[in-house]
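Q: Sending over a structure as structure tokens; questions will come in a sec.
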Amino acid sequence: MSEYSVREKPVPNPPPHVVFLGAGASKAAFPYGDRNGRHLPLMNELPSVLGEAWSDLVLKSNAPATDFESQYSWIKSKSEFSEELANIESRLKRYFKEMELPDHPTIYDYLVLGLRKSDVIATFNWDPLLLQAYERNREGCDLPDLRFLHGCVSYSTCKDHDVLGLGGMSCPVCKTKLITGQLLYPEADKDYAQDSFIKRDWAIVQERVKQSFHMTIFGYSAPKTDYNARKILLDAWGDEESRGLCHVELIDTASIAHLSDNWSDFIPYDHMMHETDFFQSSIALWPRRTFEWKRNASFYGIPSEDIGIFKTESLPELQDWFHELSKFENSEGADE
Ligand SMILES: [Zn+2]
């Protein structure tokens, strides 16, 4: 059977590929930390970032000896510690805000360049590195929509217009100064409607998930305690019947048994793809063409030629390669 050249025949305006990022994605993208070696913590590693300020507060408040999220929730429920907790929150903000991308290409560069304008990256991470990757790659080709489900230390937007910006920028529509959104801290029972920007991003992500053909979950464990996040996502994703040909793709270092159990509600007819390495994922094998690959396989039974992401240590070379690939997206020969 002949292979289909997805490189040269992209479909115009495809449905979205929605990618969720959790703390494991930032960790995989920056295994040695950011530009200055500042490490990307998982939630349960946050106490080590906070040091004594946190351990003292845990002692003082008599918080239970459990995980960070439960302890945070406990302390938050005691109003007498609100000042100390505000101090903890500003320490966390500062820690993430100072992060910077290294000069060489990172998984976040491959990720933003590897998806199209119709696709969405929805991240649960506070760090600014995804947004920085977007900023430094946006000139060469159209990039996916970014959404911040727990807020982000550097994401700024307009309260009236849905724009993606950084602090200090003005809204291109109404010219008012963009506002940096709030972070959603790790309470067990998160209220996603509490901050208007986070609420807006959730609403858009839900809509996009409903329209999506493929969902990739990268390093996000969807803790069972985050009942609201799971419910919102599952409601949008739909039931097994409506998702018959869809796969859920998990990029995660956890064992397959653990992942199947954690994500069983989302996986139709055991249609799960699992990779431990981003470079084995659909985005790396069919960059900017995941829809064509999926359509060919599921509807026509035709294999697609792997485009295979271009690996290099040079960011300008990577940007040039993606710029060339994206040219076909606007060509007249684009397939129907
Ligand atoms: Zn505006």
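Q: Could you pull the accessible area for residue 148 with a 1.4 Å probe, rounded to 10 Å²?
A: Taking all protein chains as shown, residue 148 has close to 0 Å².
Q: For the stretch 16-58, count all C-alpha to C-alpha pairs, find those more than 16 Å apart, and express that count as a whole percent of the total.
A: Roughly 51 percent, once rounded to a whole number.
Q: Sticking with this structure for a sec: For 202, 293, give me the order by solvent-accessible area with a 1.4 Å probe, most accessible first, ignoring ligands, DNA and RNA.
A: 293, 202
Q: Determine how large the accessible area of residue 110 is when every protein chain is in place; take a 1.4 Å probe and give Å² rounded to the nearest 10.
A: Answer for residue 110: close to 10 Å² accessible.
Q: Here's something else I'd like to know. Using a 1.4 angstrom probe on the protein heavy atoms only, could you order 126, 237, 74 from most to least accessible area?
A: 74, 126, 237
Q: Which of the lysines could be linked to residue 117 by a straight reach, that is with a Cα gap under 16 Å, when you skip same-chain ones fewer than 8 residues away?
A: Output for residue 117: 327.
Q: Around residue 50, under 12 Å between beta carbons, what's the net of Lys plus Arg minus Asp minus Glu among the other residues?
A: In short, -2.
Q: Grab the beta carbon distance between residue 276 and residue 313, set R0 = 25 Å, and tell me the FRET efficiency rounded to 0.05.
A: Here the calculated transfer efficiency is 0.65.
Q: Taking only Cα atoms and a 10 Å spring cutoff, compute GNM fluctuations for the chain and point out the largest among 149, 42, 130.
A: Judging by the Gaussian network model, the answer is 42.
Q: Something else about it: Ratio of the chain's C-alpha Rg to 2.2 N^0.38 Å, to two decimals?
A: So the Cα radius of gyration is 1.02 times the expected 2.2 N^0.38 Å.
Q: According to a simple spin-label model (label point 7 Å from Cα along Cα-to-Cβ), what is the distance in nm between residue 86 and residue 188?
A: For the pair residue 188/residue 86, the computed spacing is 2.6 nm.
Q: Please state, to two decimals, what the Cα-based radius of gyration of the stretch 43-97 comes to when divided by 2.2 N^0.38 Å (N = residues).
A: Normalised by 2.2 N^0.38 Å, the Cα Rg of the stretch 43-97 equals 1.02.
Q: How much length is gained if the chain between residue 203 and residue 36 is pulled fully straight, taking 0.36 nm per residue apart and subtracting their Cα-Cα distance, in nm to one decimal?
A: Length gained, residue 203 through residue 36: 56.6 nm.
Q: At 1.4 Å probe radius, can you tell me the per residue accessible area of the stretch 154-196 in Å²?
A: Roughly 52 Å² per residue, with all protein chains present.
Q: Something else about it: Measuring from label point to label point, each 7 Å out along Cα→Cβ, what is the residue 161 to residue 330 span in nm?
A: 2.2
Q: Rounded to the nearest percent, how much of the accessible area of the stretch 43-97 (1.4 Å probe, protein heavy atoms only) is carbon and sulfur?
A: Of the solvent-accessible surface of the stretch 43-97, carbon and sulfur hold 50 percent.
Q: Sort the stretch 77-132 into rounded, prolate or oblate with this rule: let a ≥ b ≥ c be the square roots of the eigenvalues of the Cα gyration tensor; rounded if a/c is under 1.5, and if a/c is not under 1.5, prolate when a/b is larger than b/c, oblate otherwise.
A: Oblate, since a/c reaches 1.5 and b/c is not below a/b.
Q: In whole angstrom, and with the biggest value first, how far do the Cα coordinates of the stretch 80-183 range along each principal axis?
A: 50, 35, 21
Q: Also, I was wondering about something else. If you rank 253, 123 by how much accessible surface each has, with a 1.4 Å probe, what is the order from largest down?
A: So the residues, ranked largest to smallest area, are 253, 123.
Q: What residue among 86, 23, 236 shows peak mean-square fluctuation when the chain is described by a Gaussian network model with Cα springs under 10 Å?
A: Of the options given, 86 has the highest mean-square fluctuation.
Q: Go through 93/177; 177/311; 76/199 and tell me which ones have a Cα-Cα distance over 32 Å in this structure.
A: Where the Cα-Cα span goes over 32 Å, the pairs concerned are 177/311.
Q: Let me ask another. I'd like the accessible area for residue 6, computed on protein heavy atoms only with a 1.4 Å probe and all protein chains in place. Round to 10 Å², please.
A: 0
Q: Per residue of the chain, what 222 nm ellipticity follows from adding -39500 (n - 2.57) for every DSSP H run with n ≥ 4, rounded to the nearest 500?
A: -10500 deg cm²/dmol
The values are calculated or read from the model by the stated rules, or taken from the named source; none is laboratory data. The structure presented is a predicted model; accordingly, all values stated were derived computationally and were not measured. Glycine gets a Cβ as well: all are built from the backbone with ideal geometry, and neighbour counts include every protein chain shown. We work out accessible area using only protein heavy atoms, side chains counted, and drop any ligands, DNA or RNA first. Shrake-Rupley method; radii C 1.70, N 1.55, O 1.52, S 1.80 Å.
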